[in-house]
Amino acid sequence: MNSTLIVQPDPTLLSILFQDGIYFIPDIEKNKQFIFHGNNLKNIVFLIDIPLNQFISSPNFDSLGKILTALKLDFDDIALFSTKDYSEITLDQIIENLNPKVLIAMGSNPKDDSEFTNHSDYSICIIKDLVLMRTPSFKLINTADEMKRQFWTAIKTILTNREH
């Protein structure tokens, strides 16, 4: 005779062991879900080159927030998306899922880098109705005043012209 023992976890014990909570994070590659920070209300996508959770917990996140505020935007207006979290992501997949009008690749490029290959940092490229710009990583930008100025000028130009 086969018997199966079913053990019910003790909720009190689990709450002590996992005081910060337990979260299920789906396998993104299998489920084709895109996790990003922000609500993407204005279809402005920032690609970053480090995992999203590391960027959000870094001083670079606060710096980007200050830049957005200066541009009269906030994180609800954008999608902050990490290509490190999606190693096989292509530009077409990003466009299909996030529908960007402006895409700024901060030290990060999708797998099929063809759209960015012939463009230097801070050069603005328009493909169809999508405005693309590649920059150094945000971490690197924050280390040099000249890079900060270049980034500010380029981002201000893109987003100011986008409104007209």
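A short reminder: the numbers here are calculations on the coordinates, not readings from a lab. Not measured: the values here are computed from a predicted model. With ideal geometry, Cβ positions are generated from the backbone for all residues, glycine too; neighbour counts draw on all protein chains shown.
Would you tally the net charge around Pro59, using a Cβ to Cβ cut-off of less than 15 Å, leaving Pro59 out, and scoring K and R as +1, D and E as -1?
Numbers: positive: Lys66, Lys139, Lys148; negative: Asp62.
Residues near Pro59 contribute +2 overall.
If R0 is 30 Å, what FRET efficiency do you get for Arg149 and Asp129 from their C-beta distance, rounded to 0.05?
Values: r = 28 Å, r/R0 = 0.94.
E between Arg149 and Asp129, to the nearest 0.05, is 0.60.
What list of ³J(HN,Hα) values in whole Hz, one per residue of region 77-84 in order, does the Karplus curve 6.51 cos²θ - 1.76 cosθ + 1.60 (θ = phi - 60°) give from phi, with Gly and Pro shown as x?
Coupling constants for region 77-84: 7, 10, 10, 9, 10, 9, 6, 5 Hz.
Quick check: convex hull of the Cα atoms in region 38-163, volume per residue, rounded to a whole Å³? Show your work: numbers first, answer last.
Values: hull volume 12.2 nm³, N = 126.
Dividing the Cα hull volume of region 38-163 by its residues yields 97 Å³.
From the phi angles alone, apply the Karplus equation (6.51, -1.76, 1.60; θ = phi - 60°) to region 139-152 and give each ³J(HN,Hα) in whole Hz, x where the residue is Gly or Pro.
For region 139-152, the Karplus-derived couplings read 4, 5, 4, 6, 8, 9, 4, 5, 5, 4, 4, 4, 4, 4 Hz, x marking Gly and Pro.
In nm, to one decimal, how far is the Gln54 label point from the Ser120 one, both placed 7 Å along Cα→Cβ?
Computed distance between label sites Gln54 and Ser120 equals 2.9 nm.
Can you put Phe46, Phe151, Phe34 in order, fewest other beta carbons within 10 Å first?
Working: Phe46 26, Phe151 22, Phe34 17.
Lowest to highest Cβ neighbour count: Phe34, Phe151, Phe46.
Length gain on complete extension for the stretch Glu96 to Thr69, per 0.36 nm per residue less the alpha carbon to alpha carbon distance?
My answer for the length gained is 7.0 nm.
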